Amino acid sequence: MTGTQMRVLVALDEGTDRDMVEAVLPEEPGIEIVGVVDSLDRGWRELAGGTIDAVLVGCTGTADQALTFTEGVSAQFPDRAVLLLYSGSVNGLAGRAVASGAEDVVALPMYGGEPPGPRERDRISDEVHAALLKAVARRHRASAGPVVTHGRMIVVLGPKGGVGKTLVSTSLAVALANAGENVLLIDLDLQFGDAALTMGLEPHKTIYDLVVSGGSLDAEKLDDYLSVHESGVQVLQAPARPDQAAAVDVAFVRQLFDVLRPSHDWIVVDTSPGFAPEVIAAIDTATDICMVGTVDAPSLKNTKLGLETLELMGVEPERIKLVVNRSDSRVGISPDDVQAVTGRAADALLPSSRDVARSINAAQSILSSHPTSAAARALRGLAKSYLGVKQRRPAASLKRLMRRSA
Ligand SMILES: Nc1ncnc2c1ncn2[C@@H]1O[C@H](COP(=O)(O)OP(=O)(O)O)[C@@H](O)[C@H]1O
Ligand SMILES: [Mg+2]
């Protein structure tokens, strides 16, 4: 994948209801619909010409043409995923679709029938989004190479903006540094990264400056591009402007990880919402994933989808930690519900707190501005869980007491 988005082409077979298909196309972070073309032939030409990660094929009736098209794509462009959007009953189609190399089939309402209402549209659009993520994750897994590991690399993920990824990644980095570890924070939210700002660091050279500097990457050169926080955390800042993000491609990001990993015990990566290509590259290299979600229904649904996507990418559940932010919000969803929906218990619960807002306004880590707050304690607890604290033993005094009473 190139750029910062998953690029998706929509090709419509004869007889497909264009309005219906357009109504259910997902508008989600990380997904860019590059075009909707009215024939499979045009779709084929677009595929041959451009960088496209997945094709949605609108079809109906026998779908013979669509299946032939799918077979062609599987043979000619095996790294592109094909998903069918089928108007009508999918009974009998699913088997043929899989045989032709399609990743999935999403059913649309029957052509000529009642147009779907807004809730139905949203449901189908969510289904298309999930199918796209999973298809691309599966392809990706098939083509990924072996991972070489050095220190630990924690990638902080979250399905939406504003869930607390930057709070968690910056705090985790600071907490690890406070525990005496050598830590680098990479801000991979290439368009809107604000980790440095949040930490109160002055603007400095960014990952964009590193890309445009040209020449080869080595640890010594990289030193010039890192700013240093008072905690000792080194930070590679995100580009200063959104338009600079496109210059940072996936190949560069991979190379960057290769150079940086051997010289740091811990790399913490802050990310943009969703599964942008550079985020997928980070997940590939990571030893650990920290998924941050909030307790509202859309975020939970997306957190679950994110966890499923990670599983399809081959990330084992034991390498993932789940952080539930604003866990005390009175929105009618409890941490137990989180487990029921996502299938796993939260590894850390982060309460909503004014102290967080205050610390961010003061451009200070909450760990230093409000070290005894509940939020700071939860964040230190999270860092400790990475450091692997030893099982607590009864204190010596308690042991003596136990011996005496025996
Ligand atoms: N637990 C919390 N309590 C209070 N404010 C929070 C909490 N978590 C996040 N925020 C605020 O929400 C905003 C978004 O958080 P941020 O970490 O930047 O999210 P993301 O990186 O996922 O977009 C920030 O202004 C932050 O101060
Ligand atoms: Mg952020």
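Listed values, structure above:
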| read-out | value |
| --- | --- |
| Near-label residues of region 287-304 by backbone N, under 12 Å of a point 7 Å along Cα→Cβ of residue 122 | 297-299 |
| GNM top mover of 216, 171, 125 - the chain, alpha-carbon springs below 10 Å | 216 |
| Spatial separation of Cα centroids for region 271-338 and region 226-263, in angstrom | 22 Å |
| Long-range HN-HN contacts of residue 268 with modeled amide H, under 5 Å | 154, 184, 185, 186 |
| Cβ-based exposure ranking for 70, 287, in which fewest neighbours within 10 Å come first | 287, 70 |
| Cβ-based net charge around residue 61, under 9 Å, with every Lys or Arg adding one and every Asp or Glu removing one | -3 |
| Efficiency of FRET from Cβ geometry, residue 316 and residue 94, R₀ 22 Å, rounded to 0.05 | 0.15 |
| Whole-Hz couplings from phi, Karplus 6.51/-1.76/1.60, listed for region 191-206; x for Gly and Pro | 8, 10, x, 9, 4, 5, 4, 4, 8, x, 7, 5, x, 9, 4, 10 |
| Sorted by Cβ neighbour density within 10 Å, fewest at the top, the residues 89, 329 | 89, 329 |
| Reachable aspartates and glutamates from residue 221, criterion Cα separation under 17 angstrom, eight or more residues apart if same chain | 209, 258 |
| Distance (nanometres) between label positions extended 7 Å along Cα→Cβ at residue 204 and residue 179 | 2.3 nm |
| Extension gain (nm, one decimal) between residue 23 and residue 336, 0.36 nm per residue minus Cα-Cα | 109.2 nm |
| Contact order relative to length of the chain, as percent, for alpha carbon pairs under 8 angstrom and 6 or more apart | 16 percent |
| Share antiparallel - DSSP beta bridges, region 159-312, percent rounded to 5 | 15 percent |
| Amide H contacts of residue 352 (H built 1.01 Å from N, under 5 Å, at least 5 apart or other chain) | 326, 327, 328, 329 |
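All of the numbers you see were taken from the coordinates with simple rules; none came from a lab. Computed from a predicted model, the values in this text were never measured in an experiment. Positions of Cβ are generated from backbone atoms using ideal geometry, with glycine treated the same way; all protein chains shown enter the neighbour counts.
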